[in-house]
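As structure tokens, the structure follows; a few thoughts come after it.
The values are calculated or read from the model by the stated rules, or taken from the named source; none is laboratory data. If you're wondering where the values come from, they're calculated on a predicted model, not measured in any experiment. FYI the Cβ positions are ideal-geometry reconstructions off the backbone, even for glycines, and counts take in every protein chain you see.
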Amino acid sequence: MKKIVLTTVSVLALGVNTSFAADDSVTGTAHATLLQPTTIEEEVQMQFGNMLKGNHAVKVDTADNRTGEPAYLIGSTGDKTPKSGKFKIKGTPNQAITITSPADFEVTNGNSAMTVDNVQLKLNGGGDQTGGTDFSGAIKDDGTAELIVGGTLNVTESSPEGDYTGTYDIKVSY
């Protein structure tokens, strides 16, 4: 009887030390999505129009309305008609985008400068957004979006008369 028990224990002990290897594999999946690169182009330049010198502010909003102290505002026509800046964005339809813009910028005439602040932006007819902060929107179904930019020009008594121009950067990204 001792022989049978000893043999059984020996066989069990061999079974515990024996390891079995099994091969296993899985197939991974990879994805990629190609998007149309975003482009943005200026269609209409921002124009504050004609005004008198003095310490005052002139606002052009995202609906092309010009406001300010009436005593300083002069009628403007042709290329001096007040209007907001307008941009066309192109990209992948319905894709979410982020727009970055300045909170303010300068327009200059030689060594003289005036500040444009309170920058406001409107995407695809939505509500106004404050410049200087990123905001999100989307490309429309047709692969385009419209961005409108307004702001407030701060005129000073010491600014010499003449034409003032300046630039501002708008960035659009996915």
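All but one of (1) surrounded by 13 or more Cβ atoms within 10 Å (Cβ to Cβ); (2) under 29 Å from L35 (Cβ atoms); (3) touching a residue at least 40 places away in the same chain (Cβ under 8 Å) hold for D169, so report the exception by its number. Of the numbered conditions (1) surrounded by 13 or more Cβ atoms within 10 Å (Cβ to Cβ); (2) under 29 Å from L35 (Cβ atoms); (3) touching a residue at least 40 places away in the same chain (Cβ under 8 Å), the odd one out for D169 is (1). Within the stretch 133-144, if we keep just the residues that are of a type outside the set (F, W, Y) and within 22 Å of N118 (Cα to Cα), the residue that is surrounded by the most Cβ atoms within 10 Å (Cβ to Cβ) turns out to be G137.
Considering only residues in the stretch 104-142 that are in a strand (DSSP E or B) and of a type in the set (D, E, K, R), the one that is farthest from N65 (Cα to Cα) turns out to be E106. Beta carbons closer than 8 Å, at least 6 apart along the sequence or on distinct chains, pair a first residue in the stretch 82-110 that is of a type in the set (D, E) with a second that is surrounded by 20 or more Cβ atoms within 10 Å (Cβ to Cβ) and part of a strand (DSSP E or B) for D104/V116; D104/V119; D104/G151; E106/V116. Has the stretch 35-43 got at least one residue that is surrounded by 17 or more Cβ atoms within 10 Å (Cβ to Cβ) and hydroxyl-bearing (S, T, Y)? Yes, the stretch 35-43 contains a residue that is surrounded by 17 or more Cβ atoms within 10 Å (Cβ to Cβ) and hydroxyl-bearing (S, T, Y). None of D61, D117 is closer than 19 Å to I148 by Cβ, acidic (D, E), modelled with pLDDT of 95 or more and buried (at least 18 other Cβ atoms within 10 Å of the Cβ) except D61. Residue check: A145 meets all listed conditions (1) in a loop (DSSP other than H, G, I, E, B); (2) at pLDDT 95 or above; (3) within 13 Å of the chain's Cα centre (by Cα) but one, namely (1). If you go through the stretch 50-81 and keep only what is of a type outside the set (K, R), in contact (Cβ under 8 Å) with a residue 12 or more places away in the chain and in a strand (DSSP E or B), you end up with M51, H56, A57, V58, V60, G68, L73. Is it the case that some residue within the stretch 83-106 is exposed (fewer than 15 other Cβ atoms within 10 Å of the Cβ), modelled with pLDDT under 95 and not hydroxyl-bearing (S, T, Y)? No, the conditions are met nowhere in the stretch 83-106. Every test in (1) aliphatic (A, V, I, L, M); (2) surrounded by 14 or more Cβ atoms within 10 Å (Cβ to Cβ); (3) closer than 17 Å to Y174 by Cβ; (4) in contact with a Gly (Cβ under 8 Å, 6 or more places away or on another chain) is passed by L147 save one, and that test is (4).
Among residues of the stretch 21-49 that are farther than 30 Å from K140 by Cα, those with a Cβ under 7 angstrom from a residue that is not aromatic (F, W, Y), sequence gap 6+ or separate chain, pair up as G49/R66; G49/S76; G49/K80; G49/T81; G49/P82.
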